[in-house]
1. For peptide A:23-36, compute the average count of partner chain beta-carbon atoms within 10 Å of each residue's beta-carbon.
2. With Cβ to Cβ distances under 10 Å as the rule, what net charge do the other residues near B:Val147 carry (K, R +1; D, E -1)?
3. By the scheme Lys and Arg +1, Asp and Glu -1, what is the net charge of all other residues having a beta-carbon under 9 Å from that of A:Met1?
4. What 222 nm value per residue comes from the helices of chain B, counting each DSSP H run with n ≥ 4 as -39,500 (n - 2.57) and dividing by all residues, nearest 500 deg cm²/dmol?
5. Evaluate the charge dipole of the protein assembly as shown about its Cα centre and quote only its size in Debye, nearest 20, assuming +1 on the Cβ of each Lys and Arg and -1 on the Cβ of each Asp and Glu.
6. Return the percentage of antiparallel bridges among DSSP beta bridges fully within the range A:33-149, rounded to the nearest 5 %.
7. Among DSSP beta bridges lying fully in the protein assembly as shown, give the percent that are antiparallel, nearest 5.
8. Please give the peptides B:57-65, B:126-134 ranked by average Cβ packing (other Cβ atoms within 10 Å per residue), highest first, as a rough proxy for protection.
There are 2 protein chains.
Amino acid sequence: MELLREKIEKEGQVLSDTVLKVDSFLNHQIDPMLMKEIGEEFANRFSDQVITKVLTIESSGIAPATFLGLTIGAPVVFARKRKSLTLTDNLYTSSVHSFTKNETNEISVSKKFLSADDNVVIIDDFLANGEALKGLMDIVNQAGATVVGAGIVIEKGFQLGGQLMRDQGLRIESLANIKSLANGKVEFFD
Amino acid sequence: MELLREKIEKEGQVLSDTVLKVDSFLNHQIDPMLMKEIGEEFANRFSDQVITKVLTIESSGIAPATFLGLTIGAPVVFARKRKSLTLTDNLYTSSVHSFTKNETNEISVSKKFLSADDNVVIIDDFLANGEALKGLMDIVNQAGATVVGAGIVIEKGFQLGGQLMRDQGLRIESLANIKSLANGKVEFFD
């Protein structure tokens, strides 16, 4: 997605060979017009599928997921993150380890909002090691629902998560796929 | 806002005299079309003001704030919540106590995204005791920016936060203002 790549090149901060900061438009400050374009692009990529629910995880996935939901007329559910969950009745839960933050969170979704009838697209802001995506897929599987695919705003293609999950048969649509962050420079695939 | 009141009456769950659960369209599952209408209604209510930035707090404020930002062409910033902050360089921070969850969180906004030139509308999903709103106003004040007003999706008008802050001169636009949750029934003002 050309518009997104340009934004990353212009505003993204390469903090190391593995860390890209995009807090001026995605992770802290949000560019609503770009989020709308991203939501519509996801809708376009998955236009061959019937989607009944969009699943994401708080907080940075919410804006792009909501615009996808608006475009296709489907509700959005965001999984909640907690250090530990005490009450897990009526919740699907899974564990997600963040390598960047070096912490493990429990994520949860109320059983009310995912059922075996659902065709789900999972949306997330980043895909690197695939930990969040695995946790979200675990929750969809617990519900007996079907994962149609995953829509990722920025994939760090030089890390292994995306490859691993594609090898397992998951359809992943990444709007920007980064080949390298070496020498402080963002390089994209193709 | 009639559409919102109808949604609350239809899907809101009154858990006690003070707790209303609206997780089917606002706090966990999101109704994107309703969020769009809410964002446009906020834009309409503040159409007499020049707004340069929309400020909210993760996670449930993000969807309505983003649609306000889209409608008026302003960026959205969401304050981050943490149990405790270790690194506070380059951050405006404040403390917010949640009575429902009985926990205190540090909230923070990067100094990059709020400046003395900004005219800010604060958006939040609920207003009850006003703790989150006070924390967000504290952050805007630290930046030397101007608070144009606050847009609240659901105000619990039977609690004191809204009254208190209006008395201090804050303009608050609530799209649904609840008079009572007694006897398991939602009653609105006017």
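No lab work stands behind these numbers, since they all come straight from the coordinates. It should be emphasised that the depicted structure is a prediction, and the values quoted were computed from it without experimental measurement. In this analysis, Cβ positions are derived from the backbone assuming ideal geometry, glycine residues included, and neighbour counts consider all displayed protein chains.
1. Partner-chain Cβ atoms within 10 Å, mean over residues of A:23-36: 6.
2. 0
3. Here the count lands on -2.
4. On the way: 5 runs with 54 residues, N = 190.
Helices in chain B give a 222 nm mean residue ellipticity of -8500 deg cm²/dmol.
5. Working: 40 positive and 52 negative charges, 148 e Å.
So the magnitude is around 720 debye.
6. For the range A:33-149, the DSSP antiparallel bridge percentage is about 50.
7. 45 percent
8. B:57-65, B:126-134
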